[in-house]
Amino acid sequence: MKIFTKAYWLQWSSPKTFYPTAGKMIPWFMISGLILTIIGLYYSFFVAPTDYQQGESYRIMFIHVPAAWMSMWLYFVMCIYASIGLIWRTRLSDMMAGAIAPTGAIFTFIALWTGSLWGKPTWGTYWVWDARLTSELILLFLYFGFIALRAAIDDPQRAARASALLALVGVINLPIIYFSVKWWNTLHQGASISIDSAPTMAATMFTAMLLMTFAFWMYSIGIALMRVRNEILEKEKNASWVQELLRDGK
Amino acid sequence: MLESIELECVRGDRTLFTNLSFSVTAGDLLHVRGANGSGKTSLLRMLTGLMLPAEGQIQWNGENIRKLRDEYQQDMLYIGHLPGIKGDLTALENLRINSAFNGLEISEEEAWNALGQIGLKGREDLPARALSQGQGRRVALARMLVSKAKLWILDEPFVALDTRAVTMLQTVLAHHLSRQGMIVLTTHQDFSIPDVDERILDLGQAEL
Amino acid sequence: MIALLRWVIWRDMVLAMRRKSEVLTALLFFVIVVSLFPLGVGPEKNTLAIIAPGVLWVAALLASMLSLNRLFADDYHDGTLEQLVISSQPLAVIVFGKIMSHWFLTGLPLVLISPVLGMQLGLDSDSIVILLLTLLIGTPVLSLIGAVGAGLTLGVRGGGVLLSLLILPLYIPVLIFGSGAVESARTGLGVEAHFSILGAFLVAAMLLAPIGAAAALRISLD
């Protein structure tokens, strides 16, 4: 079987093969992301029942929770790509790690933003030092650090390897940070209200949340592939296949 | 034997050299030449293991230097552009500490001798800051005299040296080669070592 | 290995002693930042005592971060770092030695002066002892974690600001348990849990951080 040979897998790690394939895949991810978003939003706003405690305002959860999940998942995926790049020195995985970071940061920001919008009607304040919100904020800092370090180093090889190492240090620390913040939060419980008091979930609510998560996921893959394609063009601008591509105007 | 196999060097998005293969055996002197920016220093840094080649590999006695690591580092002495000298330490301290970092503890007496031999007699106890540029270079070069490494990698060793020091350095290099040592160096200066046929590796003009 | 550690520590100590001003910078920074707080929030004793653990720990964090810039910078600029990286000796051990002497020169003075500042902020004597102990265990962790960041930002433009962005988030657990212990002591609660966790941080950081920092240096010199 062809797919069991090393050469078969290696060809996908070459930018030249990857570029056109990614180009064909992007519309599929983007369109399925869009369709899932439409269905997900329909479920979120029209199918899921009104919450007896929080009324309609809880519906922001259908953006907030999937965004928070994606922010963590993307950090994890980014670290996997970064470590593959660090160990096997494959350029493509370095590019993938770099391409995922901005999307991860955006989802982290969305999670924080919607969280604070949700907090206002629920707890009467835009920000509480809840363990999850605080950890999410720190996650945003970690994303910023990764992006900033990558941007600050001129040599692309060194930038990729340095930021990969940083991502690894971050991923080791993330559970420790989360655990510390949670501990800190229970210690200072008096002042804050925990997000754990979220409404008990109806089955339709859960469906809506899953739909939105998959929608975000598809979008993340699509946009990351688009960024990688741009980066490939920029880095390989002197390669003959890019020159041909540009000449053909595709 | 030092062997490099199909090395490629990429800096930023420029390929400095590609498919570079050569070998250095006992008693060889390899003179790496080329215009500024042709990748001489990069090549030397690759040979030391500081820099990873984009393609290809470097072998020491038939094994990849990345695998050998410590074993290879023990056999190798590198003196780069930057002298690696601490201005706040004396010449003597600098020499002893630099050797110690390479796993070679030398006695104070050995260090005195080496510094005297390289022409720093009477200045052994001065902070390196107080030495002239050429004298500072000599402190770095004194490491060659105490080193037990087989392979010397020298980036512009003749820079900032006066004629007497250049002559002396040539003697030191000749002595090392006669003991079946190996040398890879870059220089823009003329030098001659009697009874040694210097091999030349030309990296050519830098592409602009 | 012990001989190597001795050489590294000896060298960095001698270098620091011949250039004393740098040792004092972090210490003075710590003292000044802490002294600014009463001026900012008012001299009311109770308020000061409440914020004291946090203030002292945050100031220690910033002071340690500020001094980290210099951990590898000098060696990087004069070429010694190259020699260390290609030396036949284990780089992680060399790095560990450098971090130890760095902490000894910048962290330890800060720990020793903290009781005075604690008194200034109106902490009682029991809390001050706890403060001293948490800083004693916690500041080496800061130096160790920070070394990885210092290695990564070597020779990068805007390295100082970047360094703080990279490592301050990683300092958060130490901050939480360090100041938490002092806070618990102040309100008469137990502090054993805090200390065992801080101790665990120290052990983990001592094992992992030198390896991470060594990897960072290799990347930075490539």
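No lab work stands behind these numbers, since they all come straight from the coordinates. In this text, all values refer to a predicted model and were calculated from it rather than measured experimentally. Positions of Cβ are backbone-derived with ideal geometry, glycine not excepted, and every protein chain shown enters the neighbour counts.
Details
- Where the alpha-carbon atoms of chain C are placed on the principal axes, they occupy 55, 33, 30 Å, in descending order.
- Peptide C:169-179 has a mean of 6 when you count, residue by residue, the C-beta atoms of other protein chains within 10 Å of its C-beta.
- Cα centroid separation, the range B:110-163 to the range C:187-209 (Å): 48
- The protein assembly as shown, Cα convex hull volume normalised per residue, Å³: 191
- Average silhouette area of the range C:48-140, convex hull of alpha-carbon atoms, in square nanometres: 6.3
- Rg/Rh (Cα only; Kirkwood hydrodynamic radius) as it applies to the range A:79-195: 1.08
- Across the range C:202-210, computed HN-Hα scalar couplings (Karplus, 6.51 cos²θ - 1.76 cosθ + 1.60, θ = phi - 60°) run 4, 4, 4, 5, 5, 7, 9, 4, x Hz from first to last residue, x flagging Gly and Pro.
- Straight-distance candidates among the lysines for linking to A:Lys120, with alpha-carbon spacing under 28 Å and chain neighbours fewer than 8 residues away dropped: A:Lys182.
- Its Cα centre serving as origin, the range C:2-221 has a Cβ charge dipole (Lys and Arg +1, Asp and Glu -1) of approximately 420 debye.
- When the range A:21-70 is reduced to its Cα atoms, the Kirkwood hydrodynamic radius in Å: 12.6
- Sum of -39500 (n - 2.57) over DSSP H runs of 4+, divided by residues of chain C (222 nm, nearest 500): -28500 deg cm²/dmol
- Using every pair of separate Cα atoms, the Kirkwood estimate puts the hydrodynamic radius of the range A:40-144 at 15.2 angstrom.
- Derived scalar couplings ³J(HN,Hα) [the range A:134-145; Karplus, 6.51 cos²θ - 1.76 cosθ + 1.60; whole Hz; x for Gly, Pro]: 5, 5, 4, 4, 5, 4, 4, 4, 5, 4, 4, x
- Look at the stretch A:177-183: the mean tally of other chain Cβ atoms within 10 Å of its residues' Cβ atoms is 4.
- Cα radius of gyration and Dmax for the range A:95-138 (Å): 12.7, 43
- Dipole magnitude for the protein assembly as shown: about 720 debye, using +1 per Lys or Arg Cβ and -1 per Asp or Glu Cβ, origin at the Cα centre.
- Along each principal axis, taking the top coordinate minus the bottom one, the Cα set of the range C:1-74 gives 52, 24, 17 Å in descending order.
- Count Lys and Arg as plus one, Asp and Glu as minus one, and take only other residues whose Cβ is under 12 Å from that of B:Arg143; the net charge is then +3.
- DSSP beta bridge pairing in the protein assembly as shown, given as percent antiparallel to the nearest 5: 45
- Amide H contacts under 5 Å for B:Thr15, placed H, 5+ residues apart: none
- Taking Lys and Arg as +1 and Asp and Glu as -1, the other residues whose beta-carbon sits under 11 Å from that of B:Ala91 total +3.
- Note on chain B: helix-only mean residue ellipticity at 222 nm, from DSSP H runs of 4+ residues weighted -39500 (n - 2.57) and normalised by residue number, equals -9500 deg cm²/dmol.
- In chain A, the sites counted are chymotrypsin sites (Phe, Trp or Tyr not before Pro) in DSSP loop states with at most 13 other Cβ atoms within 10 Å, and the longest stretch holding none of them, exclusive of the sites, is A:130-250.
- Panel values: the range B:1-58, Kirkwood radius from alpha carbon pairs, Stokes-Einstein at 25 °C and 0.890 mPa s, translational diffusion coefficient 209 µm²/s.
- Candidate aspartates and glutamates for bridging to C:Lys98, where Cα separation is under 14 Å - those fewer than 8 sequence places away on the same chain excluded: C:Asp12, C:Asp74, C:Asp75
- Nearest-0.05 FRET efficiency for B:Glu63 and A:Glu234, computed from C-beta distance (R0 35 Å): 0.40
- Sites B:Ser178 and B:Gln117 - FRET efficiency at Förster radius 22 Å, r taken between beta-carbons, to 0.05: 0.85
- Additional length obtainable on full extension of the chain from C:Glu192 to C:Ser125, 0.36 nm per residue less Cα span: 22.3 nm
- Within-14-Å neighbourhood charge of C:Ile99 [Cβ basis; K, R +1; D, E -1]: +1
- Using equal-weight Cα scatterers in the Debye expression, the normalised intensity of the range C:97-187 in log10 at q = 0.11, 0.13, 0.19 Å⁻¹ is -0.37, -0.50, -0.91.
- Karplus (6.51, -1.76, 1.60) ³J(HN,Hα), θ = phi - 60°, over the range C:190-198, in Hz, Gly and Pro reported as x: x, 10, 4, 4, 4, 5, 5, 5, 4
- Where Rh is the Kirkwood radius over Cα pairs, Rg/Rh for chain B: 0.96
- Here the contact order of chain C, divided by its residue count and restricted to Cα pairs under 8 Å and six or more residues apart, works out to 27 percent.
- In plain terms, the C-alpha convex hull of the range C:147-219 casts an average shadow of 5.4 nm² when viewed from every direction.
- Relative contact order, percent, chain A [alpha-carbon distance under 8 Å, six or more residues apart]: 34
- Trypsin sites (Lys or Arg not before Pro) within the range C:121-222, DSSP loop, no more than 12 other Cβ atoms inside 10 Å: C:Arg157
- Counting only Cβ charges, +1 for Lys and Arg and -1 for Asp and Glu, the dipole size of chain A around its Cα centre is about 800 debye.
- Pairs of Cα atoms in chain A fall into 5 Å distance bins, from 0 up to the last occupied one, in shares of 1, 6, 11, 14, 15, 15, 13, 10, 7, 5, 3, 1, 0, 0 percent.
- Å³ per residue enclosed by the Cα convex hull of the range B:152-208: 97
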